[in-house]
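The values are calculated or read from the model by the stated rules, or taken from the named source; none is laboratory data. Just so you know, these numbers come straight off a predicted model, no measurement behind them. Note that we place each Cβ from the backbone using ideal geometry, even for glycine, and neighbour counts take in every protein chain shown. Side chains included, ligands, DNA and RNA excluded: accessible areas come from the protein's heavy atoms. Shrake-Rupley method; radii C 1.70, N 1.55, O 1.52, S 1.80 Å.
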Amino acid sequence: MGASQKPSSSLSTPSFPFSSDTNRVRSMRYIVAASSMGTIIEWYDFYIFGSLAVFLAPVFFPSKTLGTSLILYLGTFAAGFAVRPFGALVFGRLGDKIGRKYAFLLTITIMGSATTIIGLLPSYQTIGLLAPAILLFIRMLQGLALGGEYGGAAIYVAEHAPDEKRGYWTSYIQTTATIGLFLSLIVILATSLGLGATAFNDWGWRIPFLLSSVLVAAALYIRWRLRETPLFTRLKEMGKTATSPIKESLGRDWRLILLALFGATAGQAVVWYTGQFYALYFLQTIRGVDKVTSYAIVATALALGTPLFIFFGRLSDRIGRKKIIMAGCGLAAATYYPLYMAMTYFSDKASFNAPALTLLVLTQVVYVTMVYGPIAALLVEMFPGRTRYTSLSLPYHLGNGEFGGFTPVLVVAINVAAGSILAGLIYPIGVALVTLVIGSLYIKETKDVSIWKEVEEMVPTTQPIGRSTDSLPEKIPSPKP
């Protein structure tokens with residue numbers, strides 16, 4: 001279809017009819033809100049498990065020392081990350097064959113149900129080894145669900161957004177992980193303060209898990225009202241959807257998948273989990289800062305830093321995704337040691353300084369927003385629509401599941417082996433440097449890629465869409481009403 005021809009109605013009419021630019025913006029806001037709400041809840045579900053590590057480790061993994069219980073608990077936490085790539089394949093296949101909407105309806109249902117069960121699960125003292133076994137199984141279900149959730153939400157927004165604002169609109173999805181973690185910290189803090197330490201340790205920790213069922217019901221209702229993306233609908237009309245998404249993705253896109261993994265998502269993942277999750281663990285467990293104060297420090301840093309996801313997403317529409325992501329990895333690798341040395345100093349009882357600790361965590365959150373804000377747009381633009389759900393989800397969840405999810409337990413293990421509380425930082429620094437080198441050398445800038453060309457023109461399915469902007473035809477604007 002030529003640039004001057006009017007697109008078909010199915011392509012030009014996304015989930016809501018756009019009769020004006022104002023309606024387009026309003027509809028995009030609704031689409032983003034509906035997609036983000038479910039993703040926030042899934043991240044909330046995922047991170048209350050991690051945020052409550054100190055409380056739940058003795059409940060499900062009692063041992064002579066808290067350290068042993070924590071290692072077993074963190075191993076279970078990491079298991080949820082380990083299965084995320086399998087969730088990417090399972091739900092990616094559904095998303096590429098059946099549709100984006102139905103895949104992420106299923107993921108939020110599984111995640112919400114699993115989290116509610118954790119809130120009802122008896123302790124080790126009640127049912128013995130069955131308790132940690134069930135907990136491990138639930139964590140794997142959560143990992144599978146999260147493996148399909150992010151790709152669906154990011155793609156759903158991206159396939160509605162105009163090309164020139166894709167970084168901006170998808171950056172809202174990037175805030176969901178941080179908001180989910182922030183929400184989990186606020187709920188835990190409020191519950192623990194409201195009930196008191198004794199009641200919270202005894203049974204109150206179940207409330208944050210059970211609250212998820214209410215949130216999921218609301219998100220499901222809102223998501224059910226969404227329609228399929230206009231781009232995927234057009235692919236189906238053209239008969240261009242993948243018949244075997246996994247086979248096509250691993251067979252045709254494997255080089256791009258590996259490039260996306262080592263040149264983007266691996267570094268993004270370790271920066272994310274170091275700056276947000278490990279920072280909390282470091283304060284609470286390694287430095288012994290009390291729970292309320294450590295939660296308040298991290299929550300404040302998250303609240304202050306979250307708007308920067310939008311800032312860097314919008315900036316990536318102007319200067320490119322790659323520059324910002326690589327800068328974030330480079331800054332993190334260069335400054336982690338001095339940052340954590342300073343955190344060690346200001347968390348000491350003799351020199352304790354909560355504002356300074358908040359600033360140090362906020363600095364790490366800034367790095368998180370740099371690497372994470374533009375990543376959804378970059379990944380969407382690297383892969384063709386017919387296998388986008390599968391091909392995007394796989395490197396994202398390999399990076400965030402394997403490289404990122406294992407960050408806390410690997411850093412702690414290296415610390416113990418080396419006898420130093422800072423030795424483990426070599427892991428996130430090393431991974432960030434690998435991504436900086438590979439990404440800088442081999443990833444092509446994608447901000448000028450039009451994902452609509454695949455359906456506006458009969459682009460051969462073998463064309464490496466997103467591999468290089470130089471190899472693409474002249475840009476055609478995305479469909480307008």
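When the residues of region 20-54 are filtered to those that are open to solvent by 40 Å² or more (accessible area, probe 1.4 Å) and modelled with pLDDT of 75 or more, which remaining residue is nearest to Gly75 (Cα to Cα)?
As a first pass, look at region 20-54 and keep what is open to solvent by 40 Å² or more (accessible area, probe 1.4 Å): 20-23, 25-26, 29-30, 33, 37.
Subset that is modelled with pLDDT of 75 or more: 29-30, 33, 37.
Numbers: Arg29: 38, Tyr30: 38, Ala33: 33, Met37: 28 Å.
This residue is Met37.
Working carefully through the options Leu210, Leu235, Leu231, find the one that is on the phi < 0 side of the Ramachandran plot, more than 22 Å from the chain's Cα centre (by Cα), aliphatic (A, V, I, L, M) and open to solvent by 50 Å² or more (accessible area, probe 1.4 Å). Give the steps one after another, and end with the answer.
On the way: Leu235 fails: open to solvent by 50 Å² or more (accessible area, probe 1.4 Å); Leu231 fails: open to solvent by 50 Å² or more (accessible area, probe 1.4 Å).
Of the residues listed, the single one that is on the phi < 0 side of the Ramachandran plot, more than 22 Å from the chain's Cα centre (by Cα), aliphatic (A, V, I, L, M) and open to solvent by 50 Å² or more (accessible area, probe 1.4 Å) is Leu210.
Considering each residue of region 168-209, count those that are farther than 30 Å from Ile155 by Cβ and in contact with a Pro (Cβ under 8 Å, 6 or more places away or on another chain), and give that number. Walk me through it before giving the result.
Our first condition is that a residue be farther than 30 Å from Ile155 by Cβ; within region 168-209, this holds for 188-207.
Going one step further and asking which of them are in contact with a Pro (Cβ under 8 Å, 6 or more places away or on another chain), we end up with 188, 191.
Count: 2.
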Just one listed residue, out of Leu394, Leu304, Leu308, Leu359, is in contact with a Leu (Cβ under 6 Å, 6 or more places away or on another chain) and farther than 15 Å from Tyr273 by Cα, and it is Leu304
Inter-residue pairs, beta-carbon under 9 Å, first farther than 24 Å from Thr435 by Cβ and assigned to a helix (DSSP H, G or I) and in region 240-260, second open to solvent by less than 50 Å² (accessible area, probe 1.4 Å) and of a type in the set (Phe, Trp, Tyr), 6+ apart: Pro245/Tyr389
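Scan the helices (runs of 4 or more DSSP H) fully inside region 52-158 and keep the ones with 1 or more residues being hydroxyl-bearing (Ser, Thr, Tyr) and more than 22 Å from Ile257 (Cβ to Cβ).
Fully inside region 52-158 and qualifying: 66-82, 100-120, 124-127.
Name the residue that is most open to solvent (accessible area, probe 1.4 Å), counting only residues in region 121-130 that are of a type in the set (A, V, I, L, M) and farther than 15 Å from Leu52 by Cβ.
Residues of region 121-130 that are of a type in the set (A, V, I, L, M), as a first pass: 121, 127, 129-130.
Now drop any that are not farther than 15 Å from Leu52 by Cβ, which leaves 127, 129-130.
Numbers: Ile127: 58, Leu129: 127, Leu130: 99 Å².
The residue in question is Leu129.
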Determine the pairs where a residue that is farther than 18 Å from Leu181 by Cβ and modelled with pLDDT of 90 or more, located within region 199-217, has a partner that is open to solvent by less than 10 Å² (accessible area, probe 1.4 Å) and among the small types (Gly, Ala, Ser) with Cβ atoms under 9 Å apart, the partner being 6 or more residues away or on another chain. Arg206/Gly119; Leu210/Gly119
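The rows are residues; the columns are (1) under 21 Å from Thr175 (Cα atoms); (2) open to solvent by 20 Å² or more (accessible area, probe 1.4 Å); (3) modelled with pLDDT under 95.
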position: Leu308; (1), (2), (3): yes, yes, no
position: Ile325; (1), (2), (3): yes, no, no
position: Tyr336; (1), (2), (3): no, no, no
position: Thr358; (1), (2), (3): yes, yes, no
position: Val371; (1), (2), (3): yes, no, no
Selected residue [at pLDDT 90 or above, farther than 19 Å from Trp254 by Cβ and charged (D, E, K, R)] from Lys480, Lys447: Lys447
So, Tyr168, is that one within 15 Å of the chain's Cα centre (by Cα) and open to solvent by 10 Å² or more (accessible area, probe 1.4 Å) or not? no
Taking Leu146, is it more than 25 Å from Lys101 (Cβ to Cβ), aliphatic (A, V, I, L, M) and touching a Phe, Trp or Tyr at 6+ places or on another chain (Cβ under 8 Å)? no
Being at pLDDT 90 or above and under 19 Å from the mean Cα position of the chain (by Cα) is the filter here, so list the residues in region 281-301 that pass it. Val298, Ala301
Enumerated helices (runs of 4 or more DSSP H) restricted to region 342-431, each holding at least 1 residues that are free of Cβ contacts under 8 Å to residues at least 40 places away in the same chain: 354-372, 407-418
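Among residues belonging to region 401-422 that are at pLDDT 85 or above and open to solvent by less than 10 Å² (accessible area, probe 1.4 Å), point out the one that is farthest from Thr229 (Cα to Cα).
Our first condition is that a residue be at pLDDT 85 or above; within region 401-422, this holds for 403-404, 407, 410-422.
Going one step further and asking which of them are open to solvent by less than 10 Å² (accessible area, probe 1.4 Å), we end up with 404, 407, 411.
On the way: Gly404: 30, Thr407: 35, Val411: 41 Å.
Result: Val411.
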